[in-house]
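One structure is given here, and the rest of the page talks about it.
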Amino acid sequence: MSFFRCIFLKSGYKQMTADALAGPRQIAMALLKPGWEKDYYQRPAIEPVVCVGTIVSHEMMPDGKYNFLLQGHTRAGIVREAKDKAYRVAELRPLEETKVSEKDLSALRGRLQAVFDNGTFLATDIGRQLRQLLWTPLPTDAIADLIACRLLDDPALKQTLLEETDVVRRVDRIVTAFEAIHPQLSPPPYGMSKPSLN
C-alpha cells in the first residue's frame, strides 16, 4: 500500500504510539466521518474500513508527541471497538483482495506511463520518482495506491479506494482520477509566475 507521515495531537495517542513501538509497531488509520468536529474530543464516528500499517521510523518531540512514518499494508474492516484504553482500540478483520496478475493490469500501467510522458509533470521531483517506479518490478497496484495516497486530495474518494478490494477496478479508478487531475499537476511554463495575492 502506501506511506503516511503521521503526528497525533491528542494526549491518548502519545500512549498509543508508545504502546505500538513497544509491540508489533502496527497502527490502524481511520477516516473520521463528516460531522466529526462536534465530537472530536469524545469518540467521533469513523469509517468502517481502515488501513493498517507498520511504523518504519519515528522521532519523539520534546513535548512527548511523536512524528512517525507508517507503511500501510492491509485493508481491514472494524468488527468492534474496545473502550478500556485512553485511545481507540478495535478488533479488525483483514479484507481479501482479488487476485490479479501484472498481465491483467498491463493496459492500466500503460495509461499511467502515458500520463507521465504526455506533459510536464516529469519536471517535478514527485513526478520523476513515480515515473521511475513504473520501470521497476513493483506491482502496478502498489504504484497506483502510492499515486492515490500522494496525489489525490479528495478524502471521500480515497476512502472508497481503500474500501475497494477488486484490484482491477481500484487501479482503473485511480488511473482515471489521475488522468483527470493531470493538467493541474503540471508546473507553469517557463517565465510564467503565479498571480500575486498582494
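Structure summary
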| item | result |
| --- | --- |
| Subset tally (residues that are open to solvent by 70 Å² or more (accessible area, probe 1.4 Å) and more than 18 Å from the chain's Cα centre (by Cα)) for the range 124-149 | 5 |
| Selected residue (only one of T120, T124, T140 is of a type in the set (S, T, Y) and modelled with pLDDT of 95 or more) | T140 |
| Of the criteria (1) touching a helix residue (DSSP H, G or I) at 6+ places or on another chain (Cβ under 6 Å); (2) over 22 Å from K33 (Cα atoms); (3) part of a loop (DSSP other than H, G, I, E, B); (4) not acidic (D, E), which one G127 fails | (3) |
| Any hit, the range 59-67, residues being open to solvent by less than 50 Å² (accessible area, probe 1.4 Å) and assigned to a strand (DSSP E or B) | yes |
| Check on A180, at pLDDT below 95, assigned to a helix (DSSP H, G or I) and either of a type in the set (F, W, Y) or closer than 21 Å to G77 by Cβ (or both) | no |
| The range 134-158 residues that are in contact (Cβ under 8 Å) with a residue 24 or more places away in the chain and of a type in the set (V, I, T), paired with ones that are part of a helix (DSSP H, G or I) and open to solvent by 20 Å² or more (accessible area, probe 1.4 Å) (beta carbon under 7 Å, 6 or more apart) | T140/E102; T140/R109; I143/L133 |
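The values are calculated or read from the model by the stated rules, or taken from the named source; none is laboratory data. Computed from a predicted model, the values in this text were never measured in an experiment. Because the Cβ atoms are built from the backbone with ideal geometry, glycine has one as well, and the counts that use them run over all protein chains shown. Each accessible area value is taken on the protein alone, full model and side chains, heavy atoms only, with ligands, DNA and RNA left out. Shrake-Rupley method; radii C 1.70, N 1.55, O 1.52, S 1.80 Å.
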